[in-house]
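First the structure, in the form of structure tokens, and then the observations on it.
The values are calculated or read from the model by the stated rules, or taken from the named source; none is laboratory data. Because the structure is predicted, anything quoted here is derived from the model rather than measured. Note that each Cβ is placed from the backbone with ideal geometry, even for glycine, and that neighbours are counted across all protein chains shown.
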């Protein structure tokens, strides 16, 4: 019996010693393991087939998003047009949930991306001229006369709905002929709006044909003639408006117009 008690006491003592040893050694072992981890690079193989979530908008939805974001911009304007715009905003409250924000992130907006955008614009202008949408214009992507700024059109209520575009403007003092301004998709380089000056008069442009070809070029729904509620909103000498269905209830209004004195032709998606 005494032998059995002695054996039990010995086992218990050994267990206690092992527990004490573990308690004492664990911090040292952990410290050593941490130092190994911190001093080395660990590579993990990732499944390349798994991609992050990306919201895919239709081309009609992109046009509608960009139109509302542009309509919600605050730009310098006369008191007269500011009053008209304020009234229009009251009746079109959906534009209040959209924003047009500049992008300054260096990986997206730098001298190389700006030059690439200008080179892409040269090709798009040539394509639009070839299709008969715009007259032929000289455009030099290496010229210092154009500024390119990067923007993101965002649906504030659903930020996953966004579109990145380049806004390219003539920055010289006077332009009698050539590109004045345009908005170009940063991904596929399609032109959503364009203003240019050429020798053609309004009678030489065919607005219905231009808007039909432009819609085909963008891959959007067929435009339908649209009558604005107030003709005073548009200050162009000549213009025609069209509606493009974005959804069952929403439309994008596109204007084809011309300023007679400066011979400026335009296609725009702002009201």
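Taken together, the residues in the stretch 251-271 that are touching a helix residue (DSSP H, G or I) at 6+ places or on another chain (Cβ under 6 Å) and part of a loop (DSSP other than H, G, I, E, B) amount to 3. Restrict the check to the stretch 198-221 and report whether at least one residue is out of contact with any helix residue (DSSP H, G or I) (no Cβ under 7 Å at 6 or more places or on another chain) and in a strand (DSSP E or B). Scanning the stretch 198-221 turns up no residue that is out of contact with any helix residue (DSSP H, G or I) (no Cβ under 7 Å at 6 or more places or on another chain) and in a strand (DSSP E or B). Does residue 230 fit the bill of being out of contact with any strand residue (DSSP E or B) (no Cβ under 9 Å at 6 or more places or on another chain), touching a residue at least 24 places away in the same chain (Cβ under 8 Å), on the phi < 0 side of the Ramachandran plot and surrounded by fewer than 19 Cβ atoms within 10 Å (Cβ to Cβ)? Spelling it out, residue 230 is indeed out of contact with any strand residue (DSSP E or B) (no Cβ under 9 Å at 6 or more places or on another chain), touching a residue at least 24 places away in the same chain (Cβ under 8 Å), on the phi < 0 side of the Ramachandran plot and surrounded by fewer than 19 Cβ atoms within 10 Å (Cβ to Cβ).
So which residues in the stretch 222-235 are closer than 26 Å to residue 130 by Cα and assigned to a loop (DSSP other than H, G, I, E, B), if there are any at all? Answer for the stretch 222-235, where residues must be closer than 26 Å to residue 130 by Cα and assigned to a loop (DSSP other than H, G, I, E, B): 222, 223. Residues in the stretch 161-174 that are in contact with a strand residue (DSSP E or B) (Cβ under 8 Å, 6 or more places away or on another chain), without any contact (Cβ under 8 Å) to a residue 24 or more places away in the chain and either under 14 Å from residue 100 (Cβ atoms) or in a loop (DSSP other than H, G, I, E, B) (or both): 167 alone. Residues of the stretch 93-129 that are modelled with pLDDT under 95, in a helix (DSSP H, G or I) and surrounded by 12 or more Cβ atoms within 10 Å (Cβ to Cβ): 94, 95, 96, 97. Looking only at residues of the stretch 130-160 that are outside any loop (DSSP other than H, G, I, E, B) and free of Cβ contacts under 8 Å to residues at least 40 places away in the same chain, we find that the one that is surrounded by the most Cβ atoms within 10 Å (Cβ to Cβ) is 146.
The residues in the stretch 196-227 that are surrounded by 16 or more Cβ atoms within 10 Å (Cβ to Cβ) and within 25 Å of residue 108 (Cβ to Cβ) can be counted, and the count is 1. Here residue 74 meets each of (1) part of a helix (DSSP H, G or I); (2) at pLDDT below 95; (3) under 21 Å from residue 164 (Cβ atoms) with one exception, condition (1).
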